[in-house]
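One structure is given below, encoded as structure tokens.
The values are calculated or read from the model by the stated rules, or taken from the named source; none is laboratory data. Since the structure is predicted, the reported quantities are computational estimates derived from the model, not experimental observations. Every residue, glycine as well, gets a Cβ built from its backbone with ideal geometry; the counts of neighbours run over all protein chains shown. What goes into the accessible areas is simple: the full protein's heavy atoms, side chains included, and nothing from ligands, DNA or RNA. Shrake-Rupley method; radii C 1.70, N 1.55, O 1.52, S 1.80 Å.
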Amino acid sequence: MTRRIVRTGIQLGALFTIVLFLVFLLDNRYSVLPASIHNALPAHHPGLVITDITIKTCSSLNPLSSCRLDPELWHRVEKDLYLSSGWVSSAWVHVKRKREEELQPGDKVVLDVKISRLDPAVGEKEQAGEKWEARPAGVWLKRGGKRHDSDKKGTVTAVDVLFGADAVEPRPGWQLLDTPLLLDAGSEIPQARLSVRRGKPSDVSRKKEKEKWQPRVRKDGKFKIMQVSDLHLSTGTGACRDPMGVKVGTKCEADTRTLEFVGKMLDEEQPDLVVCSGDQVNGDTAPDGESAIFKFAELFIKRQIPYAAIFGNHDDEGKPSLSRAAQMSLLESLPYSLSEAGPDDVDGIGNYVIEVLAPGTSTHSALTLYLLDTHAYSPDEGTFPGYGWVKPSQIRWFRDTAQDLKKAHSKYTHIHLDMAFIHIPLPEYRDATLARTGSWREPPTAPVFNSGFRDALVDAGIVAVGCGHDHVNDYCALSTVPNTSSSSEGGDKGTGDGKPALWMCYAGASGFGGYGGWGGYERRLRVWEFDANEAKLATWKRVEGPGDAERKARLDEGVVVEGGRVVGLAT
């Protein structure tokens, strides 16, 4: 009797499972379940869906022409498709969107978008018989009004605009349309391109993603950081400044060449982390900062390399489409980005710490990286002309954070190291009497005012600091402290002969959109390699190079920290 009951239970359970599977399968394909049940299923897309897309063009010569449709019905994507460069015209993408639960019988949702001069149903076999609706600027929409059409995986749930023939889309779930919008813009204006998101956004929390990308020393005890500075990317391909190896009159696309160089270095060096130390975006030539940011981020995302960024003086210069805060918010949202805005009560955007964990499953940090915002220009041009500096609130944050972390680092069984990255060099970089390796090609444009940050770095035991800003300088200078003095708050600790305390290094500029060319300068970047087993830090540079041999060479390679101690130059 008992066996019969068990057998019957198993059969009923199997039957129920098969029926349930078939119903869900049918629902996914034909939407057979009631909406109240269907909406609770995993395939349901919560949030907004796009019901229509159009382009609105207006002219400054016509006072009755409006660039905005009824805001009760239409949401405008706040990017002028002419990038504010049209003589008299501007154009804007508008979308209609609704929450799924607000959709009424007869409402249509956008299932696909194409850009074409002809109806996509004409001449495309796979589109034969499909009904496409025409919109301005060559936009064609396929819309569906069937029950649960809004839940299809291809349903459009967001629309954005990117610019340039070299535009890329690194966001998961988004697709950049191949064909640009058909506008009458001149060739000097970067082409506008639609990017659409299909389905719901990722429901993976940012915290979980960052845990997944947590930097960790490799099994061999090594950890490699590539420092890339001054990319100076534009909206569109940009124009080269001072390129080496280019004949006069030959076209040189700055961003294309910059990204090819950095991409090759990533493939050859295979770093564990990339630090972008400022001026990724060339504000004056990047009216759409999003398009510029996506270009460098895509380099790292497609290679699955974690990366972190701080800002320089050019990232939000001119008339930027994105403020410093908005750029950081965008970076925080991208895959493999470890970038953070930092505390609200500290000056600047981008003051944060990255912990590099010891090998294996250890929860202890082997290497700590401090990244700080050095701002842009002096807030007191009359007294201290030139560039900005690390502010007192940042120094207090840095000192407090370093002190707190030391307690945790004391539990690490090996020697822990600390580094820092900034954009604008410290005033101490100007000291020509310091021992150094590498090239000093231009006067360092460090701030006139000295806020004492170098002293704070030395007090906290930072072994090396990397900066950018001065494009053709690529030297490392050794800052020392007197052997007989103890550390104190503020003031000069001495930079002549004494105990090695801190290596201050330039990355050298990587981007062709910024100045270069002094003294035969080739675009370059800096590599740092940490060895956790020996508490050693080595560094070298890689250049684009006129020849293959020079490009593959490690320039000015040397050890700057050994056994946890800052070491001087070999004599």
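Please verify whether PRO447 is open to solvent by 40 Å² or more (accessible area, probe 1.4 Å) and either out of contact with any Cys (no Cβ under 9 Å at 6 or more places or on another chain) or not in a helix (DSSP H, G or I) (or both), treating the condition exactly as stated. It is false that PRO447 is open to solvent by 40 Å² or more (accessible area, probe 1.4 Å) and either out of contact with any Cys (no Cβ under 9 Å at 6 or more places or on another chain) or not in a helix (DSSP H, G or I) (or both).
Counting residues that are in contact (Cβ under 8 Å) with a residue 40 or more places away in the chain and either among the polar types (S, T, N, Q) or touching a Pro at 6+ places or on another chain (Cβ under 9 Å) (or both), which strands (runs of 3 or more DSSP E) fully inside region 74-166 reach at least 3?
The strands (runs of 3 or more DSSP E) meeting that bar are 89-99, 109-115, 156-163.
Condition check for ARG526 on (1) open to solvent by 20 Å² or more (accessible area, probe 1.4 Å); (2) touching a Lys or Arg at 6+ places or on another chain (Cβ under 6 Å): one failure, at (1). All of (1) within 23 Å of SER187 (Cα to Cα); (2) out of contact with any Ser or Thr (no Cβ under 8 Å at 6 or more places or on another chain) hold for ALA254 with one exception: (2). Identify the residue in region 327-362 that is in contact (Cβ under 8 Å) with a residue 40 or more places away in the chain and in a helix (DSSP H, G or I) and, among all such residues, is surrounded by the most Cβ atoms within 10 Å (Cβ to Cβ). The residue in question is GLN327.
Of all residues in region 241-289, count the ones that are farther than 30 Å from ARG218 by Cα and open to solvent by 30 Å² or more (accessible area, probe 1.4 Å). Number satisfying all stated conditions: 17. Residues in region 530-545 include none that are crowded, with 24+ Cβ neighbours inside 10 Å and at pLDDT below 95. With respect to the conditions (1) within 30 Å of the chain's Cα centre (by Cα); (2) among the hydroxyl-bearing types (Ser, Thr, Tyr); (3) assigned to a loop (DSSP other than H, G, I, E, B), TYR412 falls short on a single one, namely (1).
How many residues are open to solvent by 30 Å² or more (accessible area, probe 1.4 Å) and within 21 Å of the chain's Cα centre (by Cα) if we restrict to region 191-204? Spell out the reasoning first.
First, the residues of region 191-204 that are open to solvent by 30 Å² or more (accessible area, probe 1.4 Å): 191, 197-198, 200-204.
Within this subset, residues satisfying the condition of being within 21 Å of the chain's Cα centre (by Cα) are 197, 201-204.
Adding up the residues that qualify gives 5.
Within region 144-154, the residues that satisfy the criterion of being surrounded by fewer than 22 Cβ atoms within 10 Å (Cβ to Cβ) and touching a strand residue (DSSP E or B) at 6+ places or on another chain (Cβ under 6 Å) are GLY144, ASP149, GLY154. Only residues that are open to solvent by 10 Å² or more (accessible area, probe 1.4 Å) and of a type outside the set (D, E, K, R) were counted in region 492-512, giving 6. Please go through region 310-326 and pick out each residue that is open to solvent by 50 Å² or more (accessible area, probe 1.4 Å) and assigned to a helix (DSSP H, G or I). Passing the criteria: only ALA325. Scanning region 168-186 for any residue that is open to solvent by less than 50 Å² (accessible area, probe 1.4 Å), under 21 Å from LYS56 (Cα atoms), within 21 Å of the chain's Cα centre (by Cα) and touching a residue at least 40 places away in the same chain (Cβ under 8 Å) turns up nothing. Scanning region 363-379 for residues that are surrounded by fewer than 23 Cβ atoms within 10 Å (Cβ to Cβ), in a loop (DSSP other than H, G, I, E, B) and touching a residue at least 24 places away in the same chain (Cβ under 8 Å) turns up HIS364, ALA376, SER378.
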